[in-house]
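Each remark here refers to the structure printed beneath this line.
What follows draws every value from the coordinates through simple rules; no lab data is involved. It should be emphasised that the depicted structure is a prediction, and the values quoted were computed from it without experimental measurement. Cβ: placed from backbone, ideal geometry, glycine included. Neighbour counts: every protein chain shown.
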Amino acid sequence: MPNLKEVRNRIQSVRSTQQITKAMKMVAAAKLRRAQNQIIELRPYANKLNEVLKNVSATVNPDEFDNKYAEVREPKKVLAVLITSDKGLCGSFNSSIIRPFAKLVETDPVYSAAHKAGNLELLCIGKKAYEYFNRRDFTINTDYMGIFASKFVSFDEVKVAAEFVMDAFVNKKYDHVDIFYNQFVNAATQEMQREQFLPIAEATLVEGQEKVDTEYIFEPSQAEILEVMIPKALKTQFFKCVLDSNASEHGARMTAMDKATENAGDLLKELKLSYNRARQANITKEILEIVSGAEALEKSA
Amino acid sequence: MMKLEIITPVEKVYEGQVESVQMPGSQGSFEVLENHAAIVSSLEEGTVLIRKASDTENIDISGGVVEVLNNHIVILAESVTA
């Protein structure tokens with residue numbers, strides 16, 4: 001039989017754990033709502049930008065415009081942007097980025113070649129990927145790690161990171177840039193995505209070849225407008241990945257904490273049962289002692 | 001009357017009916033009145049001057065792109081300073 005006092009202490013501790021996980025779940029839910037709002041706010045901007053971009057690139061004369069962000073080079077120097085979280089307790093959120101990526105470095109021909117030659121660099125956004133890969137043999141850029149530290153993910157901070165990556169690509173510091181992040185599907189599901197950031201995938205521009213029914217005036221010229229817009233579209237894409245990951249993180253944490261609260265509840269039920277059983281056994285034992293004592297007294301009387 | 005929208009990645013800054021809009025095009029400031037032809041132009045950092053029926057409003061933008069189509073103006077800016 002378990003000791004009554006021990007069980008009581010155990011119940012106490014499980015109960016306070018449950019309170020903590022419950023609170024964390026509610027905090028995550030509030031943050032998730034905010035993160036989702038940010039995604040929704042970005043949508044009109046991103047949609048309109050893509051729409052205008054399509055219109056312009058459909059009519060531009062390809063000879064006139066040299067897209068330096070679409071230049072395909074042999075992918076020798078590779079940059080991987082890994083978006084994870086700063087904090088744990090969010091289920092498999094971080095390992096769903098870290099593990100497939102670690103595997104990719106071993107199996108993918110481009111990545112393993114770059115890694116062996118020491119030309120693979122990681123740009124970590126969120127501390128978790130940094131903590132993992134820093135212990136292994138990787139070159140890591142940590143300049144933009146703290147994006148998730150502030151209350152809101154600010155576009156200005158993300159913009160700086162995106163600009164750094166874009167400039168480095170144009171200056172041939174990297175030949176190929178991928179972003180690895182968790183795409184937000186719903187609060188309970190995230191999907192790990194590998195998105196080619198640079199060079200801009202051909203498909204993005206081909207899509208714009210549809211007929212445009214409006215005759216626009218372009219000022220100053222299509223090429224110059226593209227020059228302004230493509231970096232904007234890239235920054236928006238980068239921002240979207242960060243926002244998606246942010247929403248996914250809070251969704252994952254909410255689900256994980258909900259599960260933990262539930263498990264604590266189950267555990268409490270079991271503990272209470274064994275506590276009551278022990279208590280009942282004690283009482284029975286005491287009654288037995290009293291009765292037999294009384295009987296012994298009666299006999300002697 | 002035309003419809004004007006100013007959108008940033010973070011929020012929709014302005015949405016409303018306007019008489020005219022003056023903005024900092026990359027080849028000099030220009031103004032859009034009703035029934036302007038369809039145009040796409042890049043914008044410099046500067047002030048967007050919005051004239052409504054009764055009053056005017058200023059919004060500073062950090063540069064961006066504007067599309068005018070069928071009396072509907074959309075300004076895409078990376079950030080605004082109110």
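Overview of values
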{"read-out": "Hydrodynamic radius of chain B per Kirkwood, over alpha carbon pairs, in Å", "value": "12.3 Å"}
{"read-out": "Local net charge near B:K12, Cβ-Cβ under 9 Å (Lys/Arg +1, Asp/Glu -1)", "value": "-4"}
{"read-out": "Net charge of Cβ neighbours under 14 Å - reference A:T261; Lys, Arg +1; Asp, Glu -1", "value": "+3"}
{"read-out": "Sequence-distant residues sharing a close amide H with A:F197 (under 5 Å, placed H)", "value": "A:V177, A:D178, A:I179"}
{"read-out": "³J(HN,Hα) computed for each position of the range A:48-57 - Karplus, 6.51 cos²θ - 1.76 cosθ + 1.60, integer Hz, glycine/proline x", "value": "5, 4, 5, 4, 5, 4, 4, 4, 6, 5"}
{"read-out": "Total formal charge among the other residues, if their Cβ is under 11 angstrom from that of A:R43, Lys/Arg +1 and Asp/Glu -1", "value": "+2"}
{"read-out": "Amide H contacts under 5 Å for A:S85, placed H, 5+ residues apart", "value": "A:K128, A:A129"}
{"read-out": "Long-range HN-HN contacts of A:Y174 with modeled amide H, under 5 Å", "value": "A:F169"}
{"read-out": "Of all DSSP beta bridges in chain A, antiparallel share, percent nearest 5", "value": "40 percent"}
{"read-out": "Fewest-first sequence of A:S57, A:S300, B:S26 by Cβ atoms within 10 Å of each Cβ", "value": "A:S300, B:S26, A:S57"}
